[in-house]
Amino acid sequence: MSEPFLSIIIPAHNEERRLPWALEQIDRFLRTWDRSAEVIVVENGSTDRTAEIAEAFARDHLYVRLIREPRRGKGLAVRWGMRAARGRYRYICDADLSTPIEEVVKFLPPQLDGFDIAIGSREAPGARRIGEPLYRHVIGRVFNAIVRLLALPDFQDTQCGFKMFRAEVAEDLFRVQQLDGMSFDVEVLFIAWQRGYRIVEVPVTWHFNPESRVRLFRDSLNMLRDLFRIRWNAWKGRYARPEIRLPSASDPG
């Protein structure tokens, strides 16, 4: 099969309510777009009809694939999706489409070029937050300040769920990325930053979803713990590129 221009990766845990609408919106967009694309739904540990919905949609839309993973974790789902993808560019897309799918063009040539990773930002100049309660915004900014202090000093929004990777970069990073939970994106951006990849923040329009799965205080505490795990993993060399051993004259022929 030929390489698609774009892979859209949707981590989906118990998304039977939101996934049908999201897939319809993506299909409507792709029908008007002049680039080739694939959609990979990674269902992981659902107890509802998420997998059945994705399978039914894929039967009538051959660009859609379903990956089933029995274990839970957004980071785990994204890692499987990124490693299974074939696209030249690979886009993480939350199932609630809080950033409309039409905004994916902001992350791609010709609108954006000369990057390795483009991350959706609700803080970059030109971004819009719609309907977000003030308390959630304040907590998010506090967490970002901690992220900048402990891991990524240069970025104003690491937690927006919409991110684009060039294929070679995704294959490099997700080979060593380890966290299975919500902090995976800080981890993968930290590895990318350490390796000198070009990372840009893209202003997006982001709609607050009152049905968000984020458990604000519990998840924030877990993510704070994960920041220290990321620093520990880096110190232990767990994100290092595998060494390439060149053959020597003493090797058997």
- line: When every residue in the range 209-253 that is under 30 Å from Ala22 (Cβ atoms) and acidic (Asp, Glu) is compared, the one modelled with the highest pLDDT is Asp226
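Restricting to the range 133-145, name every residue that is within 22 Å of Glu211 (Cβ to Cβ), surrounded by fewer than 18 Cβ atoms within 10 Å (Cβ to Cβ) and either in contact with a strand residue (DSSP E or B) (Cβ under 8 Å, 6 or more places away or on another chain) or small (Gly, Ala, Ser) (or both). Lay out the reasoning, then the answer.
The first filter runs over the range 133-145 and keeps only residues within 22 Å of Glu211 (Cβ to Cβ), leaving 133-140, 143.
In the following step, the residues that additionally are surrounded by fewer than 18 Cβ atoms within 10 Å (Cβ to Cβ) were identified as 133-139.
The one that is within 22 Å of Glu211 (Cβ to Cβ), surrounded by fewer than 18 Cβ atoms within 10 Å (Cβ to Cβ) and either in contact with a strand residue (DSSP E or B) (Cβ under 8 Å, 6 or more places away or on another chain) or small (Gly, Ala, Ser) (or both): His137.
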task: For residues that are touching a residue at least 12 places away in the same chain (Cβ under 8 Å), surrounded by fewer than 14 Cβ atoms within 10 Å (Cβ to Cβ) and on the phi < 0 side of the Ramachandran plot, tally how many sit in the range 97-126.
output: 1
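Residue-by-condition table, conditions (1) of a type in the set (A, V, I, L, M); (2) crowded, with 16+ Cβ neighbours inside 10 Å; (3) closer than 16 Å to Phe115 by Cβ; (4) out of contact with any helix residue (DSSP H, G or I) (no Cβ under 9 Å at 6 or more places or on another chain):
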position: Ala167; (1), (2), (3), (4): yes, yes, yes, yes
position: Leu173; (1), (2), (3), (4): yes, yes, yes, no
position: Gln177; (1), (2), (3), (4): no, yes, no, no
position: Val204; (1), (2), (3), (4): yes, yes, yes, no
- line: Those helices (runs of 4 or more DSSP H) completely within the range 1-96 that have 2 or more residues that are more than 17 Å from the chain's Cα centre (by Cα) and touching a residue at least 24 places away in the same chain (Cβ under 8 Å) are 19-32, 50-60
- prompt: Of everything in the range 5-17 that's crowded, with 19+ Cβ neighbours inside 10 Å and not acidic (Asp, Glu), which residue is farthest from Asp180 (Cα to Cα)?
  reply: Leu6
task: State whether the residues of the range 47-69 include one that is closer than 24 Å to Gly114 by Cα and of a type in the set (S, T, N, Q).
output: no
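The values are calculated or read from the model by the stated rules, or taken from the named source; none is laboratory data. As the structure is a computational prediction, the values presented were derived from the model and not from experiment. Note that we place each Cβ from the backbone using ideal geometry, even for glycine, and neighbour counts take in every protein chain shown.
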